[in-house]
Amino acid sequence: MNIIDVVAAVIFNDEGKVLIAKRKLGKSLENHWEFPGGKIESNETDIDCLKREMLEEFAVKVDVKKFLITSKHDYKSFVINLKAYHVKYVSGNFQLREHSEIKWIKISEHSKYMFAPADIPINEYLVQNGY
């Protein structure tokens, strides 16, 4: 089974809302919401990957604060090993390059959105841990 290592950024704004991004039409899991991030390249650390992905996908710089949770999900043809990190926005204006939409939501409202299956445990972790 092909295992894909992926990282996700959990970014909160000054109002305590978390950033979520909607996958574009034509991509796998199109129209599902997710915590932004991406695949870890060979010889790349989780932190380097998150910084690169946020710059490539949104044109923003971030600072990775701490590891939160790992979520594994079997999508039948591959397994996602998703590691979520608490990330702080540093600078830049958010641009949509890989997603159709972004939103800042209260984590308590996560059930109103259709999340990618691998991202659902991250929501549950954030709610259970008072984020």
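The values are calculated or read from the model by the stated rules, or taken from the named source; none is laboratory data. Everything quoted here is computed from the prediction, not taken from an experiment. Methodologically, a virtual Cβ is constructed for each residue, glycine included, from the backbone with ideal geometry; neighbour enumeration extends over all protein chains shown. These area figures cover heavy atoms from the full protein model, side chains too; ligands, DNA and RNA do not enter into them. Shrake-Rupley method; radii C 1.70, N 1.55, O 1.52, S 1.80 Å.
Screening the stretch 100-131 for residues that are open to solvent by 40 Å² or more (accessible area, probe 1.4 Å) and of a type in the set (Gly, Ala, Ser) and picking the one that is nearest to residue 31 (Cα to Cα) gives 100.
Just one of (1) in a strand (DSSP E or B); (2) open to solvent by 30 Å² or more (accessible area, probe 1.4 Å) fails for residue 84. It is (2).
Among strands (runs of 3 or more DSSP E) lying entirely in the stretch 1-77, which contain 2 or more residues that are touching a His at 6+ places or on another chain (Cβ under 7 Å) and either within 21 Å of residue 92 (Cβ to Cβ) or in contact (Cβ under 8 Å) with a residue 40 or more places away in the chain (or both)? It comes to 18-23, 61-74. Within the stretch 48-89, if we keep just the residues that are more than 24 Å from residue 129 (Cα to Cα) and among the hydrophobic types (A, V, I, L, M, F, W, C), the residue that is nearest to the chain's Cα centre (by Cα) turns out to be 54.
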